[in-house]
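Heads up: the structure comes next, in structure tokens.
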Amino acid sequence: MPEFPTIFSITEDELNLDELLAQITLTSTGAACFFTGMVRGATQRDGLPPETEYLEYEAYTPMAEAKMGQVADEIRQRWPTVEGIAIVQRIGRLYPQTPTVLIACTAAHRDTGVFEAARYGIDRLKEIVPVWKKEIGPDGGTWIEGGYTPQPGE
Amino acid sequence: MPEFPTIFSITEDELNLDELLAQITLTSTGAACFFTGMVRGATQRDGLPPETEYLEYEAYTPMAEAKMGQVADEIRQRWPTVEGIAIVQRIGRLYPQTPTVLIACTAAHRDTGVFEAARYGIDRLKEIVPVWKKEIGPDGGTWIEGGYTPQPGE
Amino acid sequence: MNEITVLFFATMRDHTGERKILLDVPENTPVSGLKTLLAERYPHATGALDATLVSINRDYAFDEDIIPAGAEVAMFPHVSGG
Amino acid sequence: MNEITVLFFATMRDHTGERKILLDVPENTPVSGLKTLLAERYPHATGALDATLVSINRDYAFDEDIIPAGAEVAMFPHVSGG
């Protein structure tokens, strides 16, 4: 059984997709699926015309990295064909159009779960990885709260 | 209706995912899904131990770019929420672990089709975009042939 | 007594005005007991403490879970990363 | 007569030994007629010509399609990009 690379980190640095892809590409790899999230500047909500100046992200870093490792484990259990996994959350002050999060999965072929695995990864990150964001606009800051309550064992 | 960016090209240059992502990220964009394909060095096939030294890609470039535009149009018809689309195929001599193709779709949110749209994009590219590859190994070269026959109107 | 560390993040930090405190709690205090102690210390955070998520040593924890010796406990709202 | 350009890619280039030829074909020649003409010119490519994909002016074309004046026709195997 080859050693499959798993990268997970909380970082204040700019995401580098090409570099991360290279780190999870093995000689047996033929396909990768990435999800990235970005700060939206114009968010349509309740008919109001809101404008985000920036988001302020914070993390409980050691727990967040542990939970990212757990998300990667869950992906490997569900899609054993996945080879490399990268999960990176950027924190700090992030402006519109900036990539904030990345989930990438590689495999030999595109039909063995890379799309589903990346989708699962971002869904789980938003459920269990302790990261929070505050939206800063012209009228001050608003914490954004998720809606998922982790259960025992998560 | 905003002008949504559509990028499609055949190139001999290295793919730059970060730059392509920036080109299809609008201020309203919150999510992106990328697919990339890479040259596999070790391909398990019929129990043989094959080894690819490199692949030689060629394209009928003007038709390939026109068909990439058609794939982008098909994506927009099926997933009207998609904002930016990038479809790039690299050609020339490409070695194992090198990204060869990229399909990326952006949207405001991750739940409005970006994963499905990127998946559709790579499937259609492999069906109708005139690009061919020849596998070069220790025993010479073998053209790889697809299995899809386009129908009238494609 | 058991000296634990309690960390507060996001809205819980705003409610308590604290990032990190060291606290002596009785042996075998459950999470619910810690919340009661903290509600005495931060009376205006009582509602927030009822709704907070809790972790013990970087795993999610729940009202009935006993806080082990020297634990790192954290309190925070529903996560919203991405 | 109608002067057209015919391009060959991948295995079709190997079979014909050509990348690009200029060819005079009768007016209103269909794709099937062009294949017959090419089979006379490249006898050992007859099988490949039966199976080739064809485009006219960068859109897929089929045996019954008439080749318009000055067309750019291409012949190639099933695509295998990605």
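Has segment A:51-63 got any residue that is modelled with pLDDT under 95 and not in a strand (DSSP E or B)? Checked segment A:51-63: at least one residue is modelled with pLDDT under 95 and not in a strand (DSSP E or B).
The residue of segment A:13-28 that is surrounded by the most Cβ atoms within 10 Å (Cβ to Cβ), among those that are of a type in the set (S, T, N, Q) and over 15 Å from the mean Cα position of the chain (by Cα), is A:Thr25. What about B:Thr36, is it farther than 25 Å from D:Thr11 by Cβ, assigned to a loop (DSSP other than H, G, I, E, B) and within 13 Å of chain A (Cβ to nearest Cβ)? So B:Thr36 does not fit the description; no. Within segment A:1-29, the residues that satisfy the criterion of being among the acidic types (Asp, Glu) and either more than 9 Å from chain B (Cβ to nearest Cβ) or without any contact (Cβ under 8 Å) to a residue 60 or more places away in the chain (or both) are A:Glu3, A:Glu12, A:Asp13, A:Asp18, A:Glu19.
Checked against the criterion of being touching a residue at least 60 places away in the same chain (Cβ under 8 Å) and crowded, with 20+ Cβ neighbours inside 10 Å, the candidates C:Ala69, C:Ala10 yield just one match: C:Ala10.
Selection of segment B:104-154 for residues being touching a His at 6+ places or on another chain (Cβ under 8 Å) and not small (Gly, Ala, Ser) yields B:Glu145, B:Tyr148, B:Thr149. Among the residues of segment B:120-141, just one is surrounded by fewer than 19 Cβ atoms within 10 Å (Cβ to Cβ), in contact with a strand residue (DSSP E or B) (Cβ under 7 Å, 6 or more places away or on another chain) and outside any strand (DSSP E or B), namely B:Pro138. Looking across segment C:40-66, the residues that are touching a helix residue (DSSP H, G or I) at 6+ places or on another chain (Cβ under 6 Å), away from every other protein chain (no Cβ under 14 Å) and not hydroxyl-bearing (Ser, Thr, Tyr) come down to C:Ala45, C:Leu49. The set of residues from segment B:72-114 being part of a strand (DSSP E or B), of a type outside the set (Gly, Ala, Ser) and within 14 Å of chain A (Cβ to nearest Cβ) comprises B:Val88, B:Arg90, B:Leu94, B:Pro99, B:Thr100, B:Val101, B:Leu102, B:Ile103, B:Cys105, B:Thr106. State whether the residues of segment B:37-59 include one that is small (Gly, Ala, Ser) and under 23 Å from A:Tyr120 (Cβ atoms). Yes; the residues of segment B:37-59 include at least one that is small (Gly, Ala, Ser) and under 23 Å from A:Tyr120 (Cβ atoms).
For chain D, the helices (runs of 4 or more DSSP H) that sit wholly inside it and include 2 or more residues that are basic (Lys, Arg) are D:31-41. Pairs linking a residue in segment A:123-148 that is without any contact (Cβ under 8 Å) to a residue 12 or more places away in the chain to a residue that is assigned to a helix (DSSP H, G or I) and polar (S, T, N, Q), with Cβ atoms under 6 Å and 6 or more positions apart or on different chains, are A:Trp143/C:Thr11. The one condition from (1) within 11 Å of chain C (Cβ to nearest Cβ); (2) not in a strand (DSSP E or B) that A:Ala117 does not meet is (1).
The set of residues in segment D:20-40 that are hydroxyl-bearing (Ser, Thr, Tyr) and surrounded by 15 or more Cβ atoms within 10 Å (Cβ to Cβ) contains only D:Thr29. Just one of the numbered conditions (1) surrounded by fewer than 16 Cβ atoms within 10 Å (Cβ to Cβ); (2) in contact with a strand residue (DSSP E or B) (Cβ under 8 Å, 6 or more places away or on another chain) is not true of D:Gly17: (2). Contact annotation: no residue pair with Cβ atoms under 7 Å, 6 or more positions apart or on different chains, pairs a residue in segment B:49-77 that is free of Cβ contacts under 8 Å to residues at least 24 places away in the same chain with a partner that is among the aliphatic types (A, V, I, L, M) and in a helix (DSSP H, G or I).
The values are calculated or read from the model by the stated rules, or taken from the named source; none is laboratory data. Everything numeric in this text was worked out from a predicted model, so none of it was measured. Counting neighbours? That spans all protein chains shown, and the Cβs are built from the backbone with ideal geometry, glycine included.
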